[in-house]
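Contents: one structure, followed by commentary.
The values are calculated or read from the model by the stated rules, or taken from the named source; none is laboratory data. Bear in mind the structure is a predicted one, so any value in this text is a computation, not a measurement. No Cβ is skipped: glycine too gets one built from the backbone with ideal geometry, and neighbour counts run over all protein chains shown. Heads up: the accessible areas ignore ligands, DNA and RNA and are worked out on the full protein's heavy atoms, side chains in. Shrake-Rupley method; radii C 1.70, N 1.55, O 1.52, S 1.80 Å.
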Amino acid sequence: MKNYLAPLEGVTTFVFRNAYNRIFGEYTDKYFAPFIVPHIKRDMNNKEKRDLIFENNSGLYLVPQILTDNADDLLRYEKVMNDLGYSEININIGCPSGTVSSKGRGAGFLGRKEELDHFLEKVYSGKKGIISVKTRVGIEDPEEFYEILEIYNKYPIDELIIHPRTLKQFYKGRADREIFLYALKNSKNKVVYNGDIYKPEDLKELNEAARKYCPDKIFDLMIGRGVISNPGLFREIETGKKITAEELRQFLYDIEKGYGSFLQGEAMVMFRMKEIWTYLGSMFDNEKILKKIKKSKTLDEMNDLMEQLLEGYGF
């Protein structure tokens with residue numbers, strides 16, 4: 001089983017990826033960058049360029065993710081990414097954000113099946129390199145995916161990454177593992193599972209179900225929020241070894257240093273760190289200190305509070 005780090009806008013930036021890779025890269029096969037939207041009148045903005053330039057991702061197998069419902073724009077940006085040094089891109093057909101889906105993009109594309117079919121036909125007849133797809137399973141009902149999978153099966157999708165929730169669910173409720181198992185059994189393309197893996201036991205349950213339902217099929221794994229909440233999760237899944245306090249300390253200091261190298265002002269760095277702590281907080285049973293971290297005014301104050309959490313703490 002291969003392990004992929006899912007993209008999360010504003011969190012899994014090149015700073016996060018590099019800090020993570022220095023400690024846990026041995027257990028992570030691919031990193032997916034937060035999506036970018038092709039623009040007709042301008043090139044990528046400075047933030048997008050900084051996140052994707054090859055020098056900022058040295059030593060990582062990084063996959064840029066593109067959000068569009070226009071095949072010409074997708075193929076144009078495939079060339080842009082190829083010119084940057086990337087041999088693989090990913091199409092985002094999974095983002096549930098209202099600002100995205102209301103335009104018929106991301107998971108909103110799943111409600112326009114005929115257009116999705118034409119889009120994929122043009123993309124896969126014109127592509128030059130590796131193009132994978134990250135998808136949800138429908139707009140309102142997971143059973144919509146029976147028809148959607150028939151569309152995906154028409155094309156040589158290099159990897160079909162499935163988050164088994166509908167657009168309507170957003171991130172609420174339980175991911176529908178039954179519809180994923182259906183896809184695993186019936187997909188003509190390689191599949192990757194994404195959704196609700198926060199501890200090794202979660203994956204164990206899915207693996208056991210997969211072995212019973214379709215024992216001849218295998219799948220790879222993409223995790224986003226679970227890894228941000230526990231950066232050592234992939235290693236723990238592979239070896240049973242949990243993250244140590246020193247590893248978490250080094251990871252956070254590396255991120256702080258990385259953002260401090262180009263962000264203007266301590267407040268900007270703190271904003272980034274607090275965003276990460278909204279996920280990391282689930283590792284600690286100390287709501288009092290976690291609230292203080294959210295309200296901290298300086299990096300020194302935040303780091304002192306972090307040390308209080310880490311002192312003598314065993315994961």
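Listing for the model above:
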| item | result |
| --- | --- |
| Kirkwood-based Rg to Rh ratio, the chain, C-alpha trace | 0.97 |
| Sequence of Thr244, Thr99, Thr239 when ordered by accessible area, the most exposed leading, probe 1.4 angstrom | Thr99, Thr239, Thr244 |
| Heavy-atom accessible area per residue - the chain, 1.4 Å, Å² | 47 |
| Label-point gap, in nm, between Ile40 and Asn207 - each point 7 angstrom along Cα→Cβ | 4.9 |
| For region 244-315 versus region 1-18, the gap between their alpha-carbon centres in whole angstrom | 18 |
| For region 45-121 versus region 140-219, the gap between their alpha-carbon centres in whole angstrom | 21 |
| Formal net charge of residues neighbouring Lys127 (Cβ-Cβ distance under 14 Å; K, R +1; D, E -1) | -3 |
| Interchain or long-range residues, amide H under 5 Å from Ala33's placed H | Val63, Gln65 |
| The chain, helix-only ellipticity at 222 nm - DSSP H runs n ≥ 4, -39,500 (n - 2.57), divided by all residues, nearest 500 | -14000 deg cm²/dmol |
| Accessible-area composition of the chain, carbon plus sulfur, in percent [1.4 Å probe] | 49 |
| Residue among His39, Asn153, Trp277 farthest towards the positive dipole end of the chain, charges placed on Cβ | His39 |
| Phi to ³J(HN,Hα) by Karplus 6.51 cos²θ - 1.76 cosθ + 1.60 over region 161-167, Hz, x for Gly, Pro | 8, 10, 9, x, 10, 8, 4 |
| Highest average packing first - 159-168, 197-206, Cβ atoms within 10 Å | 159-168, 197-206 |
